């Protein structure tokens, strides 16, 4: 039985994650603070550690503590709060085998755990279908690099990463440009001339010279930042 240690800041989320992992046959144990973290790891001896910190303890800092434990052989899954990304300079100092954006649906956690532990995911998928409602299954195929097979699955996959726009004026203007673009189903081709014309109108909204200069400056900054002395 594979041992998984959950280091979650939110008690409700850790309880739910622990419950589903146990139903899948894992020996899961959760903690909600990092006091005496080393002692707890030595006692439980996990094969996988899942870290999901938000405010009280950022997950990247926990992973840095894990990096300092030379005796640790566990795989580490870091869950980042929605919209957050680890700083590039913090990554080499942290022990991380996989990063996912939270909050995770149960299937994502199960599949990611199986992948990191080197277990074939198919048996878990069958077992997962038996213990979870049908509408919660099929939402994490992206973890294994597979494509969604239905619109419903695709909606669930992206519900936590949905892109929204606050600029209603610009959105309204773009929607007007998109009206009238249709597919020729018989010839399976586009009306290229109409599309090119509308794309040209869209480009008027952007200063591409400025964006190009900005991108160049960013690249120069990154090169200078990581340039070996």
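Within the range 101-124, restricting attention to residues that are surrounded by fewer than 21 Cβ atoms within 10 Å (Cβ to Cβ), without any contact (Cβ under 8 Å) to a residue 12 or more places away in the chain and assigned to a helix (DSSP H, G or I), which residue is nearest to the chain's Cα centre (by Cα)?
Per the criteria, the residue is 122.
For residue 47, state whether it is surrounded by 14 or more Cβ atoms within 10 Å (Cβ to Cβ) and assigned by TED's automatic domain parsing to the domain that holds residue 126.
Against the criterion (surrounded by 14 or more Cβ atoms within 10 Å (Cβ to Cβ) and assigned by TED's automatic domain parsing to the domain that holds residue 126), residue 47 qualifies.
The values are calculated or read from the model by the stated rules, or taken from the named source; none is laboratory data. Because the structure is predicted, anything quoted here is derived from the model rather than measured. A quick note on method: Cβ atoms are made from the backbone with ideal geometry, for glycine too, and the neighbour counts reach across all protein chains shown.
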